[in-house]
1. Heavy atoms only, probe 1.4 Å: what % of the accessible area of the chain goes to carbon and sulfur, would you let me know?
2. Each label point is 7 Å from the Cα along the Cα-to-Cβ direction; what then is the distance between the points at LYS14 and ASP123, in nm?
3. Quote to one decimal, in nm, the extra length available between ASP199 and GLN357 on full extension: 0.36 nm per residue of separation minus the C-alpha distance between them.
4. Quick one: if you stick a label point 7 Å off each Cα along the C-beta vector at GLU218 and THR260, how many nm between them?
5. About the Cα centre of the range 247-365, what is the dipole size in debye to 20, counting +1 per Lys and Arg Cβ and -1 per Asp and Glu Cβ, all else neutral?
6. Rounded to the nearest 20 Debye, what is the dipole magnitude of the chain about its Cα centre when Lys and Arg each give +1 and Asp and Glu each give -1 at the C-beta?
7. So if I place +1 on the C-beta of Lys and Arg and -1 on the C-beta of Asp and Glu, and nothing else carries charge, what would the dipole magnitude of the range 137-269 be about its Cα centre? I want it in debye, nearest 20.
8. In Å, what Kirkwood hydrodynamic radius results for the range 171-308 from the alpha-carbon pair distances?
Amino acid sequence: MTLMALRPNFRSVKSSWHSTVAALPAERRPATPFHSREWAAVWQTVRTEQVRGHHHLFLQDGPRQHRMSFYQVNDSPLWRAGEGDARVTRPTFEAEVLYGPSVYSEYGGLPGATVPVLAEAADRGRALARDLGTEALVIANIPPAERTLWREARTPDAEVVLAWAHRARVGTCVDEFIAGFPSSQTGRTFREQHRQGTDAGLTLKIARGPELQPHLAEFTAQARATSELHGPALYGTDMFTSLTRVPGALALLAEHGDGTLAGGFLCFRYGSALYVWATAIDRSRKDALHTYDWLMYESVRYAVATGATVLDTGRGNYAYKARLGMLPVALTSAVYLTRPNPHLISRLGALHTGLNQHVLRAWNKA
């Protein structure tokens, strides 16, 4: 046996902290828009989610490079919305939390990273969380493909499926997309409501990147009102203004014949997918115009026209998306405590259970 064969299979992961994402070395093409440098930069200036500090970790694993951003958050409306859905009686956290990344990123984790890299990210993140005096490190919205790897890297103190994303193949036309619906009646309704919206005067306007700026005030007001139907206002112009610089950013806007905005989807056309991330609907006209259904139909059209093979409609609205036969994708947040806290573990367990029951109730209505 040679000396080389006797050497242990040791891999050294190097890591370093950076104060801004712009200070990090150039990166390869990110897996999703939510892993891009531009997305990370948004949360350096966001105020709607109360970010008190941001830290960016660069990880070097031989020739492979990875980046993960961490945000010290005092209050997250999206996390509070989850608590409302779960019907828990008190807030989960009693102090600030370090999120890696923000829970507003539909998909988190570190796609393509090895277990040693994930272990380094978890160790450095938890050490930072302790130094900052936060209650916990939350590695947010880990997709199923990565969940086992994070567990193997460092077993979390708790796991919470905060939300489910939804995906479907669009096929070559809207008819092929509709053919995948579980019920033919759902398909007929989907077509009819799009026709009614069109007959009522809705037309599609596509605003890409900076073209969205003139529409932001009205879009934000409608998006906030839409989210407030079920909990706190989730969005602000501070978010949307910066998000227009994220790769693939665009809005699919439903304009009425009188020139006013009836609603819209903030999307990212990236890679093989069209991601629908935020919804804005003029509630006063939604029933007459069937705005949400109309926009969903137009989203399929746009995905097909631009060569996307997957429509990702994001989180929430579980019953509706189940009726369309979309594949639900559990997004797990791994929680690493900075100190033992059995009461916090109990609250996290109640949150996870409550959210699971919330989703099951919606699916049973589908």
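1. Its accessible area is 53 percent carbon and sulfur atoms.
2. Those two pseudo-labels are separated by 1.6 nm.
3. Here the answer is 53.0 nm.
4. 0.9
5. For the range 247-365, the charge dipole is close to 540 debye.
6. 720
7. Magnitude of the dipole: close to 320 debye.
8. Result for the range 171-308, one decimal place: 15.4 Å.
The values are calculated or read from the model by the stated rules, or taken from the named source; none is laboratory data. Being a predicted model, the structure only gives us computed values, none of them experimental. Note that each Cβ is placed from the backbone with ideal geometry, even for glycine, and that neighbours are counted across all protein chains shown. These accessible areas exclude ligands, DNA and RNA; they are computed on the full protein's heavy atoms, side chains included. Shrake-Rupley method; radii C 1.70, N 1.55, O 1.52, S 1.80 Å.
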